[in-house]
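The structure appears below as structure tokens.
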Amino acid sequence: MENTTAKTVFLSGCGGGYDIFGGIPYYFKMKSSGNYDVTLINFTFTKRTLLSQYSEQLTTLLYRVNPTTNVSWLTNEIYFPEQRLSNELEIPIYAILCNCDETRIELIVEAYQYLIKGRIIDELILIDCGSDVLLTGREEELGQYLFILIKSMK
């Protein structure tokens, strides 16, 4: 019997790179309950040439990465976390190209609009596994705060 009360969830790595891997425990927990339709999305630093060659381009920045058994090309030197995860989970992963030359907010919106098309999204979970999101690069004497904290703990 089909569960008609399933929540639709976007689980999205939002920092670029391997962030979507940080959401895998959530993915398995939601899937095991049977109450969630989960779509995995990742901002990616994978080169456009790899995405174009091994994935389906859906919008200017959005690619659908499908699992494949032909992985002879996917050596340890190839950076393509979405393909590795897609192969392991045997599900598609959606990759949003993230690079300073091409990525603009309106193109990210276009990618999400494509994924949303015709669906109601109950939850959007964004995952960033790094602490770089807390910094702008313009902090003065950044190490000073750490020094004060450590000193106060003694």
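Nothing in this text is a laboratory measurement; each read-out follows from the coordinates by a stated rule. The shown structure was predicted, so the numbers you read here are calculated from the model rather than taken from an experiment. Note that each Cβ is placed from the backbone with ideal geometry, even for glycine, and that neighbours are counted across all protein chains shown.
Give the peptides 108-115, 78-85 in descending order of average Cβ contacts within 10 Å, highest first.
Numbers: 108-115: 16.4, 78-85: 19.9.
Peptide ranking by packing, descending: 78-85, 108-115.
Shape annotation for the stretch 22-86: C-alpha extents along the principal axes are 37, 27, 20 Å, from largest to smallest.
Just add up the charged neighbours of Leu58: K/R +1, D/E -1, any other residue whose Cβ is under 12 Å from the Cβ of Leu58.
Value of the local net charge: 0.
Model label sites at Asn35 and Ile78, defined 7 Å from Cα along the beta-carbon direction, differ in position by 4.0 nm. Out of every Cα-Cα pair that the stretch 13-135 contains, those further apart than 20 angstrom amount to 43 percent. Label-to-label distance, Lys7 versus Arg48, with points set 7 angstrom from Cα along the beta-carbon direction: 3.7 nm.
Using the Cβ-Cβ distance between Glu123 and Asn66 with R0 set to 35 Å, the FRET efficiency works out to roughly 0.90. Highest-first packing order for the peptide set 28-36, 45-53, 8-16 is 8-16, 45-53, 28-36, based on the mean count of other beta carbon atoms within 10 Å.
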